[in-house]
Amino acid sequence: MHPYIFVKDILFYALIILFLIIMYRLLIKRLSRGRHRQELFCILYPLDINPSSGEIPFYFTTEIAKSVKLSIENDEKMLIELANETFDVGGHIIRFDSTILPNGLYFYCLRTDNQETKKKFRINNA
(Lines give C-alpha, C1' and ligand atoms only; values in the text may rest on other atoms or scores of the structure.)
Protein backbone atom coordinates (compact mmCIF):
# COMPACT_ATOMS: atom_id res chain seq x y z
CA MET A 1 0.00 0.00 0.00
CA HIS A 2 1.34 3.38 -0.97
CA PRO A 3 1.77 5.95 1.89
CA TYR A 4 0.20 8.67 -0.27
CA ILE A 5 -3.16 6.83 -0.25
CA PHE A 6 -3.05 6.51 3.56
CA VAL A 7 -2.43 10.28 4.03
CA LYS A 8 -5.15 11.03 1.48
CA ASP A 9 -7.67 8.95 3.49
CA ILE A 10 -6.73 10.68 6.75
CA LEU A 11 -7.15 14.10 5.14
CA PHE A 12 -10.50 13.09 3.68
CA TYR A 13 -11.85 11.93 7.07
CA ALA A 14 -10.43 15.01 8.81
CA LEU A 15 -12.24 17.20 6.27
CA ILE A 16 -15.51 15.37 6.89
CA ILE A 17 -15.13 15.73 10.67
CA LEU A 18 -14.32 19.43 10.32
CA PHE A 19 -17.37 19.92 8.08
CA LEU A 20 -19.62 18.16 10.63
CA ILE A 21 -18.29 20.33 13.47
CA ILE A 22 -18.95 23.50 11.49
CA MET A 23 -22.47 22.37 10.60
CA TYR A 24 -23.18 21.45 14.24
CA ARG A 25 -22.06 24.89 15.46
CA LEU A 26 -24.22 26.61 12.83
CA LEU A 27 -27.21 24.51 13.90
CA ILE A 28 -26.71 25.38 17.58
CA LYS A 29 -26.36 29.07 16.71
CA ARG A 30 -29.56 29.00 14.68
CA LEU A 31 -31.55 27.16 17.37
CA SER A 32 -30.46 29.54 20.13
CA ARG A 33 -31.34 32.67 18.15
CA GLY A 34 -34.93 32.91 19.46
CA ARG A 35 -34.12 32.03 23.08
CA HIS A 36 -34.96 34.35 25.94
CA ARG A 37 -32.17 35.68 28.08
CA GLN A 38 -32.84 34.08 31.46
CA GLU A 39 -31.19 36.88 33.44
CA LEU A 40 -33.97 39.27 32.37
CA PHE A 41 -36.59 37.28 34.30
CA CYS A 42 -37.34 36.74 37.98
CA ILE A 43 -37.81 33.24 39.34
CA LEU A 44 -40.80 32.78 41.66
CA TYR A 45 -40.44 29.67 43.80
CA PRO A 46 -43.29 27.44 45.01
CA LEU A 47 -44.33 27.47 48.65
CA ASP A 48 -42.73 24.94 50.98
CA ILE A 49 -46.01 24.21 52.76
CA ASN A 50 -49.27 24.05 50.83
CA PRO A 51 -51.98 24.41 52.16
CA SER A 52 -50.53 27.30 54.12
CA SER A 53 -51.52 28.99 57.32
CA GLY A 54 -50.17 31.80 59.46
CA GLU A 55 -47.16 33.66 58.11
CA ILE A 56 -46.41 32.68 54.49
CA PRO A 57 -42.97 33.43 52.96
CA PHE A 58 -43.03 34.16 49.21
CA TYR A 59 -39.54 33.78 47.73
CA PHE A 60 -38.20 35.01 44.40
CA THR A 61 -34.82 35.76 42.84
CA THR A 62 -33.64 38.25 40.26
CA GLU A 63 -30.30 38.51 38.44
CA ILE A 64 -30.61 42.24 37.73
CA ALA A 65 -32.16 45.09 39.72
CA LYS A 66 -35.81 45.05 38.71
CA SER A 67 -39.13 46.68 39.53
CA VAL A 68 -41.37 43.91 40.88
CA LYS A 69 -45.01 43.80 41.86
CA LEU A 70 -46.07 40.85 44.05
CA SER A 71 -49.75 40.36 44.82
CA ILE A 72 -52.33 37.83 45.98
CA GLU A 73 -55.28 37.29 43.66
CA ASN A 74 -58.51 35.37 43.58
CA ASP A 75 -60.10 34.66 40.17
CA GLU A 76 -58.12 37.35 38.30
CA LYS A 77 -59.00 40.00 40.92
CA MET A 78 -56.16 41.46 42.96
CA LEU A 79 -56.91 41.21 46.65
CA ILE A 80 -53.69 42.31 48.31
CA GLU A 81 -50.56 43.97 46.96
CA LEU A 82 -47.59 42.62 48.91
CA ALA A 83 -44.82 44.60 47.19
CA ASN A 84 -44.45 47.16 44.44
CA GLU A 85 -40.84 48.32 44.40
CA THR A 86 -37.42 47.88 42.82
CA PHE A 87 -35.48 44.92 44.19
CA ASP A 88 -31.70 44.48 44.05
CA VAL A 89 -29.91 41.43 42.66
CA GLY A 90 -30.40 38.25 44.70
CA GLY A 91 -33.08 36.39 46.60
CA HIS A 92 -35.96 38.12 48.36
CA ILE A 93 -38.58 36.93 50.84
CA ILE A 94 -41.90 38.73 51.21
CA ARG A 95 -43.85 37.57 54.26
CA PHE A 96 -47.65 37.63 54.47
CA ASP A 97 -50.04 36.95 57.36
CA SER A 98 -52.69 34.66 55.87
CA THR A 99 -55.12 35.07 58.78
CA ILE A 100 -56.60 38.19 57.16
CA LEU A 101 -58.02 36.09 54.28
CA PRO A 102 -60.66 33.37 54.52
CA ASN A 103 -59.72 29.77 53.75
CA GLY A 104 -59.69 29.03 50.04
CA LEU A 105 -57.74 28.84 46.80
CA TYR A 106 -55.61 31.84 45.78
CA PHE A 107 -52.83 32.82 43.40
CA TYR A 108 -49.63 34.66 44.21
CA CYS A 109 -48.50 36.68 41.22
CA LEU A 110 -45.18 38.26 40.34
CA ARG A 111 -45.22 40.93 37.63
CA THR A 112 -42.39 42.88 36.03
CA ASP A 113 -42.21 44.95 32.85
CA ASN A 114 -41.56 41.79 30.80
CA GLN A 115 -43.16 38.89 32.69
CA GLU A 116 -46.13 37.68 34.69
CA THR A 117 -45.84 34.53 36.81
CA LYS A 118 -48.72 33.02 38.79
CA LYS A 119 -48.69 30.11 41.22
CA LYS A 120 -51.62 28.54 43.00
CA PHE A 121 -51.80 28.03 46.76
CA ARG A 122 -54.39 27.21 49.36
CA ILE A 123 -54.98 28.94 52.69
CA ASN A 124 -56.23 26.72 55.46
CA ASN A 125 -56.19 28.61 58.76
CA ALA A 126 -57.35 26.53 61.68
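The values are calculated or read from the model by the stated rules, or taken from the named source; none is laboratory data. This structure is a prediction, so every number in the text was calculated from the model and none was measured. All Cβ positions, glycine included, derive from the backbone under ideal geometry; neighbour counts span all protein chains shown. For accessibility, only protein heavy atoms count, side chains too; no ligands or nucleic acids. Shrake-Rupley method; radii C 1.70, N 1.55, O 1.52, S 1.80 Å.
Based on DSSP H runs of at least 4 residues, each adding -39500 (n - 2.57), what is the mean residue ellipticity at 222 nm of the chain after dividing by all its residues, to the nearest 500 deg cm²/dmol?
Values: 1 runs with 29 residues, N = 126.
-8500 deg cm²/dmol, from helical runs alone.
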| query | On full extension of the chain, what length is gained from Asp113 through Leu26, given 0.36 nm per residue of separation minus the C-alpha to C-alpha distance? | reply | 28.1 nm
| Set of region 35-70 residues, backbone N closer than 14 Å to the point 7 Å along the Cα-Cβ line of Asn103 | 51-54
| query | Taking the simple approach of a point 7 Å from Cα along Cα-to-Cβ for both Leu11 and Asp88, what is their distance in nm? | reply | 6.2 nm
| remark: For region 68-84, in residue order, the Karplus 3J(HN,Hα) values (coefficients 6.51, -1.76, 1.60; θ = phi - 60°; whole Hz; Gly and Pro = x) are 10, 10, 10, 9, 10, 10, 9, 6, 6, 10, 6, 9, 9, 9, 7, 7, 8
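Which whole-number value in Å² is the accessible area per residue of the chain, probe 1.4 Å?
74 Å²
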| Considering only DSSP states other than H, G, I, E and B, which GluC sites (Glu not before Pro) in region 24-66 qualify as loop sites with at most 11 other Cβ atoms within 10 Å? | none
| query | How would you classify the chain from its alpha-carbon gyration tensor, with a ≥ b ≥ c the square roots of the eigenvalues: rounded for a/c under 1.5, else prolate if a/b is greater than b/c, otherwise oblate? | reply | prolate
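Taking loop as defined by DSSP and a crowding limit of 14 other beta carbons within 10 Å, which trypsin sites (Lys or Arg not before Pro) in region 27-126 fit?
Values: sites: Lys29, Arg30, Arg33, Arg35, Arg37, Lys66, Lys69, Lys77, Arg95, Arg111, Lys118, Lys119, Lys120, Arg122; in loops: Arg33, Arg35, Arg37.
Here the trypsin sites (Lys or Arg not before Pro) that fit, given the DSSP loop and packing criteria, are Arg33, Arg35, Arg37.
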